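Notes to accompany the following structure.
The values are calculated or read from the model by the stated rules, or taken from the named source; none is laboratory data. Since this is a predicted model, take the numbers as computed values, not measurements. Please note: Cβ atoms are built from the backbone with ideal geometry, for glycine as well, and neighbour counts cover all protein chains shown.
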Amino acid sequence: MRHDLPPDLAWDATDQWGRDWLKCGHTIVAGVSQTAIRQIWIANVNRHDEIAPCPYAYFRTRRAAMRSVERWACAHAARLRWEVATGARKKKPEPLTREEKRMARQMRG
């Protein structure tokens, strides 16, 4: 069964290390790569999410891993588009410490 990806989701060419990246626009949202154990592949999803850990699964073939990522992407396409467009899952910067605030005031004069 082939899952046709929406037009804004596409596989990027395999990089020099043999990893495949699924992108939404220009942002990586999932990846497939071979593990150190030959013929075992790992699929990572939600790669754009800087807050939650990236779920992953192991597969016996690259094709099975990519097919699983495509199913996931089709099921979550609307959410992925929104999160990538708005930056909704980016880490918030750490608040400044008292010392950093004091140094900033001194630098301003």
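The set of residues in the range 43-75 that are modelled with pLDDT of 90 or more and among the aliphatic types (A, V, I, L, M) comprises Ala43, Val45, Ala57, Ala64, Ala65, Met66, Val69, Ala73, Ala75. If you go through the range 68-91 and keep only what is surrounded by fewer than 18 Cβ atoms within 10 Å (Cβ to Cβ) and either of a type in the set (Ser, Thr, Tyr) or in contact with a His (Cβ under 7 Å, 6 or more places away or on another chain) (or both), you end up with Arg71, Cys74, Thr86, Arg89. Can you say whether Ala43 is of a type in the set (Gly, Ala, Ser), surrounded by fewer than 11 Cβ atoms within 10 Å (Cβ to Cβ), outside any helix (DSSP H, G or I) and in contact (Cβ under 8 Å) with a residue 24 or more places away in the chain, as far as the supplied structure shows? Spelling it out, it is not the case that Ala43 is of a type in the set (Gly, Ala, Ser), surrounded by fewer than 11 Cβ atoms within 10 Å (Cβ to Cβ), outside any helix (DSSP H, G or I) and in contact (Cβ under 8 Å) with a residue 24 or more places away in the chain. Looking only at residues in the range 41-60 that are among the β-branched types (Val, Ile, Thr) and touching a strand residue (DSSP E or B) at 6+ places or on another chain (Cβ under 6 Å), the one that is nearest to Trp82 (Cα to Cα) is Val45.
Quick check on the range 13-24: of everything there that is closer than 22 Å to Lys90 by Cα and without any contact (Cβ under 8 Å) to a residue 60 or more places away in the chain, which residue is surrounded by the fewest Cβ atoms within 10 Å (Cβ to Cβ)? Across the range 13-24, the extreme among qualifying residues is Lys23. Looking only at the range 48-70, residues that are touching an Asp or Glu at 6+ places or on another chain (Cβ under 9 Å) and basic (Lys, Arg) come to 1 in all.
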